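Read-outs throughout are calculated quantities, based only on the coordinates presented, and are distinct from any laboratory measurement. Owing to the predicted nature of the structure, the values given are computational and were not obtained by experimental measurement. Glycine gets a Cβ as well: all are built from the backbone with ideal geometry, and neighbour counts include every protein chain shown.
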Amino acid sequence: MIATKTITWFPACRVEDVPANGGVCVKYNNTQIALFHFARRNEWYATQNECPHRMQMALSRGMIGSQNGEPKVACPFHKKTFSLVTGECLSGDECVITTYEVKVEDGRVYIAVEED
């Protein structure tokens with residue numbers, strides 16, 4: 001039997017709830033998701049909120065920026081950086097964070113999550 005996953009777009013917040021060039025934490029069921037508005041690039045990103053180094057819910061408070069054109073977030077505690085596109089650690093570690101698709105419609109921000 002093949003398990004299929006369904007994509008659910010949940011309304012995370014209003015556009016104005018997220019600071020320009022910053023992030024917030026939103027919750028979907030029991031999952032904390034870091035949502036970022038990269039205003040300088042006019043782009044939105046979402047990742048897991050948990051930093052994999054010390055298992056702290058902190059990425060939404062991290063600083064966003066770019067590395068060789070790649071949008072990234074730096075953990076506020078450990079300064080490890082992660083791609084906002086792929087989730088790969090850009091600091092040389094082999095850990096990866098989960099990323100989510102984001103869309104904005106009618107002033108609302110939606111995040112796509114997979115469900116069984």
Over 25 Å between alpha carbons, listed pairs LYS5/LYS80; LYS79/LYS103; LYS72/LYS103; LYS27/LYS72: LYS5/LYS80; LYS79/LYS103
Figure the gain on full extension for THR98 and MET63 (residue separation times 0.36 nm, minus the Cα-Cα span) and round it to one decimal in nm. 10.9 nm
Cα gyration tensor shape for segment 18-61, rounded if a/c is under 1.5, else prolate or oblate: prolate
For the pair GLU70/PHE10, report the inter-label distance in nm, with labels modelled 7 Å from Cα in the Cβ direction. 2.9
Grab the Cα-Cα distance for GLU43 and LYS27, subtract it from 0.36 nm times how many residues apart they are, and report the gain in nm with one decimal. 3.7 nm
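Express the relative contact order of the chain as a whole percentage, based on alpha carbon pairs under 8 Å and six or more residues apart in sequence.
It rounds to 28 percent for the chain.
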Listing TYR110, TYR45, TYR28 by rising number of other beta-carbon atoms within 10 angstrom, fewest first, gives TYR28, TYR110, TYR45
So I have [x] 13.9, 46; [y] 13.6, 42; [z] 12.5, 33, and one of them is Rg and Dmax of the Cα atoms in Å calculated from this model. Which one is it? [x]
